[in-house]
Structure formats: C-alpha cells, structure tokens
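Below is one structure, written out as structure tokens; comments come after it.
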Amino acid sequence: MAEGQAISNDSRIVELLELLAKNQMNAQAEQVKQMCDYVGTLEKQINSMTEEIKSVRQELVSMKEDTISKHVKDGLKKVTDAMQKQCDSLKQQVTELKEKICNKAGKIVDAAKRKGKRALYKITQVTGMRKKLDAVKNKVDRVIDRVDNLEKAVGECQGQRERGSRAETPLTNLVVAEPQPEYGAELFEQYQREHGPEQMTEVVGRAVAQDVEKRR
C-alpha cells in the first residue's frame, strides 16, 4: 500500500468490508473497522511524537552553553536522538503490520470469490492481528511518557535561561562549576550501554534539575 495511506482506504480492506456486509457478518465487519481505527490512532500518536521531538531538537539548537551545562545539553541531544530512533522503529512496525493486515484481507477476499461465504470465516486471520497491534501500542505509550519527560527536562533548561536573562547579574559573569560526575558525558554513555535509551530521559531530567539548582 502507498506510504501514508490510511489502512481503511486500501482496496483490499474496502472490498473485505463490502463482502462482510453483504453476507450479514456485521460483528466481524465492526471488528475490522475498529482495528483500522486503531492503526490510524497509532500512526497519529507516532507522528505527533515525531513533531514533538523535532521541536525539542530545535530548542536545543537555540540554547547557548552559557545557560546550561554542556554535558547536560549533550545528554539531552543523545536522548533526543534515541527517542527519534524509537519513533522511526515504531513507525516501521506499524507499516509492516498494515501491509500484513491488508495482504490477509486480500487473500480472504480472493478465497471468498472462489468458495463463497465459508471463506469469510477466516476473517480471524485479520482480526487476530489486533494482539500484535496491542504490543506496539504498549511500546508507543512508553515512548510517549519518555518524550513527555524529555520535554520537561528541556523546559527546565528553558526556564533556567529565562530566569538567567532576568537576573541582575548577567549569567555569563556567574561562576559556573565544572560538570559533576553524576551527570558527566561518560555517565550518559555508560548508562545508555547498560540500560538502553529508554531510561536515559530520567537521568537527564535529574541532571537538569541538579544543574538548575546549582545556578540559583
């Protein structure tokens, strides 16, 4: 199917729904419709996360290193990159599931044309894909939480910049301590190796809070 095409508009799905309706298999048709809506929701969530990550990346680019520790900024960039990779992976998973669903739908339609209504009872091969979609949905929900935490961490950086710009003493004239080991670049790399990118946001969030507290 064409990239970006809604699964409900795929000819194989449309024809399957028409056959189910024609044979009074309304419950099965409704399950297929719900699954198509589910796929659409997943796609919208992933696209929304991608836009949020893009916005975070732009904010990080605009940040000056005299506002926030370089190691914290670098850590935020690494987390942003990791989140984008996860979103890309999830998008690919959904795309592959869409094609599998449509392929199964097409095979059932072809069989129904040859063998009649009895072939339509293989519809469970299509509706059974809901379990795999649920597994992807769980991953999407977890990444949504991580993106939210990433945005909060970057928001702390932005807040620090705003507070610094209003301070009587220019931030560039303040004595800024060297980055502490608990949020140094080596830690970010080590933590990512040991725990994976999914927990990196929490580490960066703590790092930002420490950095902000030191500058108050």
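No value in this document is a laboratory result; all are computed from the given coordinates. These numbers come from a predicted model, not from an experiment. Note that we place each Cβ from the backbone using ideal geometry, even for glycine, and neighbour counts take in every protein chain shown.
Miscellaneous remarks
- Contour excess over end-to-end distance, with Cα ends at Ala27 and Ser55 and 0.36 nm allotted per residue: 5.9 nm
- Label zone of Thr41 (point 7 Å out along Cα→Cβ, amide N under 17 Å): in the stretch 12-32 this covers 30-32.
- Distance between the 7 Å Cα→Cβ label points at Arg118 and Ala6: 3.7 nm.
- Summed side-chain charge close to Gln31 - residues other than Gln31 whose Cβ falls under 12 Å, Lys, Arg +1, Asp, Glu -1: 0
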